[in-house]
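The values are calculated or read from the model by the stated rules, or taken from the named source; none is laboratory data. Since the model is a prediction, treat every value here as computed from it, not as a measurement. Quick reminder, even Gly has a Cβ in these numbers, built from the backbone with ideal geometry, and neighbours come from all protein chains shown. These area figures cover heavy atoms from the full protein model, side chains too; ligands, DNA and RNA do not enter into them. Shrake-Rupley method; radii C 1.70, N 1.55, O 1.52, S 1.80 Å.
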Amino acid sequence: DAHLDTVAMTDPHDLSQPLVVKLHFTVPGFATVLVPKSKISNLKSTIRFTLPKAGNGMLTASALSWASTLPTRKYDIDMHTTSTWHMVHDMVLPKGFKTVLVPDSLTQIYGKFEGKSTTVAKGNRVTNEAWFRLKDPLVPVAQYPDLRNLLAATEEIERQHVMLKSGGQND
């Protein structure tokens with residue numbers, strides 16, 4: 001039932017600028033609503049959801065997931081190009097709910113690549129900003145464990161919940 005409201009994109013033929021794609025969409029029923037079974041008045045409804053997924057962790061599905069499936073590697077990984085991937089999820093919260101839990105933050109910086117994810121609740125919004133930067137197309141075998149650790153950490157963050165409780169105003 002997701003509805004794509006608007007799409008905006010910079011010129012894909014202009015190679016002097018980064019490609020920026022903005023998608024604005026509405027997803028009814030996106031979150032799980034937990035309603036207490038008891039009629040005790042001080043129990044509150046809870047809304048729980050995970051952040052939208054972006055392939056394998058913060059990376060696009062075709063980027064590094066294929067290269068990180070082996071427990072060890074004998075050869076370097078050649079990605080053929082450098083890249084930077086940046087995504088922002090900005091979610092509007094329902095009225096009368098307060099954010100009580102957001103996913104952990106992540107910052108991991110290695111020689112050839114780095115990744116970051118932060119989620120902030122402010123007012124009636126929850127915003128997650130995540131990026132990954134591959135500074136050199138060749139990832140040496142010695143950095144392969146670091147790459148796997150970064151991917152595992154981002155996947156863990158994607159499993160963590162955002163949780164909202166009813167009865168409060170958003171700060």
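Scan region 150-169 residue by residue and report those that are in a strand (DSSP E or B) and under 25 Å from W131 (Cβ atoms). Correct list: H161, V162, M163.
Please find, within region 145-159, the residue that is farthest from K95 (Cα to Cα) out of those that are in contact with a helix residue (DSSP H, G or I) (Cβ under 8 Å, 6 or more places away or on another chain) and open to solvent by less than 30 Å² (accessible area, probe 1.4 Å). For region 145-159, the residue satisfying everything is L147. Among the residues of region 1-27, write down those that are in a loop (DSSP other than H, G, I, E, B), open to solvent by less than 100 Å² (accessible area, probe 1.4 Å), more than 17 Å from S83 (Cβ to Cβ) and not charged (D, E, K, R). Correct list: A2, V27. K165 satisfies every condition listed in (1) loosely packed, with under 15 Cβ neighbours inside 10 Å; (2) over 17 Å from the mean Cα position of the chain (by Cα); (3) of a type outside the set (A, V, I, L, M, F, W, C) except (1). Among the conditions (1) farther than 30 Å from P36 by Cβ; (2) open to solvent by less than 70 Å² (accessible area, probe 1.4 Å); (3) of a type in the set (A, V, I, L, M), the only one that A142 does not satisfy is (2).
Within region 98-113, track down each residue that is in a strand (DSSP E or B) and either over 20 Å from F132 (Cα atoms) or aromatic (F, W, Y) (or both).
Initial filter on region 98-113 (in a strand (DSSP E or B)): 98-101, 106-109, 113.
Selection gives K98, T99, V100, L101, F113.
Among the residues of region 114-139 satisfying the criterion of being β-branched (V, I, T) and closer than 17 Å to L51 by Cβ, which is surrounded by the fewest Cβ atoms within 10 Å (Cβ to Cβ)? Spell out how you get there, then give the answer.
So the first thing to find is which residues in region 114-139 are β-branched (V, I, T), and the list is 118-120, 126-127, 139.
With closer than 17 Å to L51 by Cβ added as a condition, the list becomes 118-120, 126-127.
Details: T118: 16, T119: 22, V120: 12, V126: 22, T127: 14.
Among them, the one singled out is V120.
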